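This is the structure, below, for whatever I ask next.
Every number here is computed from the coordinates shown, using simple stated rules; none is lab data. Here the structure is a predicted model, which is why all the values come from computation and not from measurement. Cβ sites come from the backbone with ideal geometry, for glycine too, and all protein chains shown count toward neighbours.
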């Protein structure tokens with residue numbers, strides 16, 4: 001069973017908004033055993049909508065569309081689909097009263113434009129949108145497939161997928177399962193990881209497919225099986241993944257959802273110890289990773305963004321003479337930042353970062369991407385330097401991951 005997802009809107013094509021709808025829809029469909037054959041983003045054009053939907057109907061069983069269902073003139077999806085399915089629009093009293101009531105609660109008048117949203121193709125099954133004014137629509141095709149049109153507002157689309165679309169698809173089609181299991185590895189580059197597990201990968205059953213998904217300092221190993229009986233396939237896949245324990249050992253972080261900061265969180269919570277963070281180039285990213293987790297208040301003392309040299313001196317006690325001699329991006333300064341954060345907050349551990357996130361500020365000696373990071377512990381302090389790339393956001397992300405990894409290694413030694 002295959003599906004096509006089509007997102008409609010000029011605002012997507014010009015980069016004004018990010019298309020999150022197709023990601024969510026794909027997850028919903030995958031969870032019930034429907035494979036995504038294609039994702040398309042197209043503009044607010046009747047010709048584009050018609051061409052794309054007709055092609056998708058020929059190639060896949062399910063077509064899910066979002067966008068273009070609002071009350072304004074550029075919202076043409078409903079009218080285009082009505083023409084495609086040789087249907088006329090008629091006023092749906094139930095939806096009209098819902099729209100009127102919803103607008104009244106918001107003190108918005110019920111205008112002719114709002115009324116037009118209750119004008120729906122007579123041939124469709126109306127999908128009631130309890131959270132907005134644009135109903136969804138379900139069309140049965142001549143070849144036994146389905147075309148679904150949903151509003152583009154993400155939370156409205158999400159509710160309709162959960163409440164209307166998924167239950168109807170499960171009732172309409174006999175769906176086999178798609179199973180994905182993901183193992184998270186840390187501290188080993190993708191190429192070396194592939195070499196280490198090559199024999200294991202070659203011996204996988206034919207129906208299991210492995211994908212490598214790298215991210216800063218981690219690689220996800222996603223094992224997938226399609227058109228299978230869920231429980232049996234999942235059991236077999238877990239058995240295969242368990243064989244990696246002997247090959248990867250401590251490089252295994254855990255299953256999908258496992259993070260290095262969660263490991264640190266668990267260790268510090270269990271030991272009753274405390275952590276502080278002093279950040280320069282990472283600008284609070286590391287602190288945010290910890291404070292995003294429930295229960296962080298048990299161990300997280302403070303996050304200090306000491307961006308200027310004066311802040312490094314006044315808050316963390318960094319020696320200004322050392323900044324002038326070695327530079328703010330140096331081993332000496334990173335060590336003093338970590339020690340200062342640990343001392344100032346009376347924490348057991350502290351992380352510090354100082355670097356050049358770019359795009360300006362680099363030199364031949366210290367190019368953009370140079371980051372010094374340090375960890376202060378009850379037994380001492382150490383620092384390492386990493387070059388984290390050339391893109392600012394990538395540098396911040398990688399440096400944050402490296403710094404937390406450095407702390408984790410110290411915690412394991414303790």
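Taking springs between alpha-carbon atoms closer than 10 angstrom, which of 351, 17, 184 fluctuates most in the Gaussian network model of the chain?
Between 351, 17, 184, it is 17 that shows the largest mean-square fluctuation.
Let me ask another. If you find the alpha carbon centre of segment 156-229 and of segment 302-373, how far apart are they in angstrom?
Computed from Cα coordinates, the inter-centre distance equals 40 Å.
Which percent, to the nearest 5, of DSSP beta bridges fully inside segment 2-172 are antiparallel?
So the antiparallel bridges amount to about 35 percent of the total.
Sticking with this one: Roughly speaking, what is the stretch gain from residue 35 to residue 364, that is 0.36 nm per residue apart minus the C-alpha to C-alpha distance, in nm to one decimal?
Taking 0.36 nm per residue and subtracting the Cα distance, the gain is 113.5 nm.
Under 10 Å, Cα contacts only: if you run a Gaussian network model on the chain, which one of 22, 294, 280 comes out with the highest mean-square fluctuation?
Highest fluctuation among the options: 294.
A further question on this structure: Out of 275, 40, 193, any idea which swings most in a Gaussian network model of the chain, alpha carbons joined below 10 Å?
Between 275, 40, 193, it is 40 that shows the largest mean-square fluctuation.
Oh, and also: Is segment 262-308 best put as rounded, prolate or oblate by its Cα gyration tensor, with a ≥ b ≥ c the root eigenvalues, rounded for a/c under 1.5, and otherwise prolate when a/b is larger than b/c, oblate when not?
Working: a/c = 2.67, a/b = 2.05, b/c = 1.30.
The shape class here is prolate.
Moving to a separate point now. Label-point separation (nm) for residue 346 and residue 270, each offset 7 Å from Cα along Cα-to-Cβ?
Using points 7 Å along Cα→Cβ, the separation is 2.7 nm.
What per residue convex hull volume, in Å³, do the alpha-carbon atoms of segment 81-229 yield?
Per residue, the Cα convex hull of segment 81-229 comes to 179 Å³.
Please compute the modelled spin-label separation between residue 390 and residue 232, points set 7 Å along Cα→Cβ, answer in nm with one decimal.
Those two pseudo-labels are separated by 5.2 nm.
Run the numbers for residue 91 and residue 409: contour at 0.36 nm per residue of separation, minus the present Cα-Cα distance, in nm.
So the extension gain works out to 108.0 nm.
Is the shape of segment 1-144 best called rounded, prolate or oblate, per the rule: a/c under 1.5 gives rounded, else a/b larger than b/c gives prolate, else oblate, with a ≥ b ≥ c the square roots of the Cα gyration tensor eigenvalues?
Because a/c hits 1.5 or more and a/b exceeds b/c, segment 1-144 counts as prolate.
Further question on the same structure: I'd like the orientation of helix 230-242 relative to the chain: the angle between its Cα long axis and the longest Cα principal axis, in ° from 0 to 90, rounded to 10.
Around 20 degrees separate the two axes.
Which order do the peptides 387-395, 238-246 take when ranked by the mean count of other beta-carbon atoms within 10 Å per residue, highest first? Write out the running numbers ahead of the final one.
Numbers: 387-395: 17.4, 238-246: 12.9.
Ranked from most to least packed, the peptides come out as 387-395, 238-246.
Of all beta bridges DSSP finds with both residues in segment 211-359, what is the antiparallel percent, to the nearest 5?
Among the beta bridges of segment 211-359, antiparallel pairing accounts for roughly 35 percent.
Can you give me the angle between helix 21-31 and the longest principal axis of the chain, using Cα atoms only, in degrees from 0 to 90, rounded to the nearest 10?
Rounded to the nearest ten degrees, it is 80.
Looking only at the chain, where both bridge partners belong to it, what percent of the DSSP beta bridges are antiparallel (to the nearest 5)?
60 percent
Give me the extension gain from residue 211 to residue 106: residue separation times 0.36 nm, minus the current Cα-Cα distance, reported in nm with one decimal.
Full-extension gain reported as 33.0 nm.
Can you pull the one-decimal nm distance between simple spin-label points at residue 293 and residue 171, each 7 Å off the Cα toward Cβ?
4.3 nm
Report, to the nearest 10°, how far helix 93-105 tilts away from the longest principal axis of the Cα atoms in the chain, using its own Cα long axis and a range of 0 to 90°.
40 degrees
Turning to a different aspect of this structure: Hey, how much of the P(r) for the chain falls beyond 35 Å, as a percent of Cα pairs?
49 percent
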